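The values are calculated or read from the model by the stated rules, or taken from the named source; none is laboratory data. Since the structure is predicted, the reported quantities are computational estimates derived from the model, not experimental observations. Here the Cβ positions follow ideal geometry from the backbone for every residue, glycine too, while neighbour counts run over all protein chains shown.
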Amino acid sequence: MSRFQHRPYSERTAQWLEQSGLNPLLARLFAARGVEKPDDLSLELKNLLAPTELKNCLSTASLLADILERKEPIVIVADYDCDGATACAVAIRGLKMLGADHAAVQFLVPNRFTMGYGLTPEVVELAAQQKPKPRYLITVDNGIASAAGVERAREFDIDVIVTDHHLPGDIIPNATAIVNPNQVGCPFPSKALAGVGVMFYLLVALRAELRQRGKFTNETQPKIENLLDLVALGTVADVAQLDRNNRILVSNGLKRIRNGVCQAGIQALFQVAVRDARKASAFDLGFAIGPRLNAAGRLADMTLGIRLLLTDDQSEALSIAQELDRINRERRVIETGMQEEALALLAEDQLANTISEKSSICLWNEAWHQGVIGIVASRLKERFNRPSLVFAPADGADSNELRGSGRSITGFHLRDALDLVSKREPGLILKFGGHAMAAGLTIYKSDFVKFDATFQKVADELLTDDLLERSHSHDGSLEPTQFTPEIGDLLAEEIWGQGFPQPVFYGEFEISEQSLMKEKHLRLKLRPVGNSSSKGLTGVWFNRTQTLPERAKLAYRLVTDRYQGQARVQLMIEAHDENPTL
């Protein structure tokens, strides 16, 4: 059973926003997403929160200025996802813009299959072999849980600067500096910065420090904002909460992409994805560009993705982007197979028929691929509306460990749930980390059944019937005059995403034709009920083959589809209200 509910908003606020010059539809949508006054509409860079409140940011910037002055060698230790890759590229490009010796700044990204996540002792040992040997390691999008790695670095006489955004655990690493908005005692108002956003803020503070030291003036200082296309990509792809501060970062990054002044690697990714960069949207970053970059870390080595983001050679960028596109296609094939196997396992356990009696899903298979388990967990979560954990053997089939990746539903904090499991059964989880909606962990194969039972018990305690019931929030109906390409373009220009959801509308339609595209997507010809004068509309429901009744209440997104120079409205169907209460 699913609930369909109108997203509430203040009509007074909507009127105020409309009076400021905002389109009436946007005024209603923004009011429903927490925009309270016209001043909040501005996404100019001058409205960014200042680095001064980000704990340790200014002191770390001062330390970095000293490091650059002494020309000490640095190794950036990246993560193997899109946020980590963009954060690494921002760090290297930014430090070089601000005067770092090019040969003194290197990067290293762990192999997710052999080294695991974060600054592990093994990663430190690999970094120590770099030529020249680093004096400092700077983590990006990781490090807050790397106490053992930091201690190992000290044994090599290497200092560690941690830049991260993940929630800290019980043990804080004894690093030289930690910049993380989610660390204890940090007053920074936005806790939603992605790893790339944290690194960008540190560079802004470093530029200010160098300016104060007389390295350059306001007129001659490097334009760190030229890196905002990378910041936008990493922020959206990491599904960071789009509070106003992140929306400012993403908005200005998208402007650079649309204006054709982004990095060569991002241009190349748009090209291989067959997307028009001039009309780039947050949706493109999250569902077309990000997955292709992520594919490198899932199946191969994210070094390839970082090389793409660091090159200024358009020919090289296109060549790497084409390889990433190939890897992404391979990833899709693996994902599809694993998803089918996962559903078969559920059927064997009769979970598919008794899902209402379960609060969580935990699965593993000897043949599954570590790099794709997170995507499969996400698909299961979406299908069954249950926190889902999917495991694969670590380091090949002979390992006695399982690596798991989990995705959660609204209202169930996944990392906290794993923490509770760990406290109740010490030693059951070898290591874990993450945040509310996503987490990773390692367990022994022999402990899977025990872990499943313990996690299920925690889920039973923390989840309510309301949370387990699928809920579809929508923004009400559209007027007949609003089914236009212009409205589709208007919506596409705005910044939507996690915490600032893309508009979904609700209405009743008469359906005159139904057919399948590629044997797996439902294509519809429909018309709003009560609007016989309107032209028929095209609707598409991806990954659905079951037909609809001739009259149905649907939740949908409105987009503008362009084909052979013609613009037309298309409805992207999200859900069917089988028990409408309206």
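Scanning segment 309-318 turns up at least one residue that is hydroxyl-bearing (Ser, Thr, Tyr), out of contact with any strand residue (DSSP E or B) (no Cβ under 9 Å at 6 or more places or on another chain) and in a helix (DSSP H, G or I).
When you look at Thr303, is it within 16 Å of Val198 (Cβ to Cβ) and touching a residue at least 60 places away in the same chain (Cβ under 8 Å), yes or no? So Thr303 fails the test. Is one or more of the residues making up segment 454-465 at pLDDT 95 or above, surrounded by fewer than 20 Cβ atoms within 10 Å (Cβ to Cβ) and among the aromatic types (Phe, Trp, Tyr)? No, there is no match, as no residue in segment 454-465 is at pLDDT 95 or above, surrounded by fewer than 20 Cβ atoms within 10 Å (Cβ to Cβ) and among the aromatic types (Phe, Trp, Tyr).
For segment 258-282, the set of residues classified as part of a helix (DSSP H, G or I), surrounded by 24 or more Cβ atoms within 10 Å (Cβ to Cβ) and out of contact with any strand residue (DSSP E or B) (no Cβ under 9 Å at 6 or more places or on another chain) consists of Gly265, Ile266, Ala268, Leu269, listed by residue number. In the condition set (1) in contact with a Gly (Cβ under 6 Å, 6 or more places away or on another chain); (2) at pLDDT 95 or above; (3) among the small types (Gly, Ala, Ser), Gly305 is compliant with all but (1).
On the basis of being more than 30 Å from Leu249 (Cα to Cα), among the aromatic types (Phe, Trp, Tyr) and in contact with a strand residue (DSSP E or B) (Cβ under 9 Å, 6 or more places away or on another chain), does Phe505 make the cut? No, not satisfied.
Among the residues making up segment 398-414, those that are more than 18 Å from Leu468 (Cα to Cα) and in contact with a Gly (Cβ under 9 Å, 6 or more places away or on another chain) are Arg403, Gly404, Ser405. When the strands (runs of 3 or more DSSP E) confined to segment 433-542 are screened for residues that are among the hydrophobic types (A, V, I, L, M, F, W, C) and either in the same structural domain as Gln566 (by TED's automatic domain parsing) or in contact (Cβ under 8 Å) with a residue 24 or more places away in the chain (or both), those reaching at least 2 such residues are found at 438-444, 505-517, 521-528, 537-541. Taken over segment 226-246, the criterion of being surrounded by fewer than 24 Cβ atoms within 10 Å (Cβ to Cβ) and among the charged types (D, E, K, R) is satisfied by Asp243, Arg244.
Condition check ((1) of a type outside the set (Gly, Ala, Ser); (2) outside the structural domain of Asp66 (by TED's automatic domain parsing); (3) in a loop (DSSP other than H, G, I, E, B); (4) touching a residue at least 24 places away in the same chain (Cβ under 8 Å)) across all residues:
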| residue | (1), (2), (3), (4) |
| --- | --- |
| Phe113 | yes, no, yes, yes |
| Val150 | yes, no, no, yes |
| Arg154 | yes, no, no, no |
| His165 | yes, no, yes, yes |
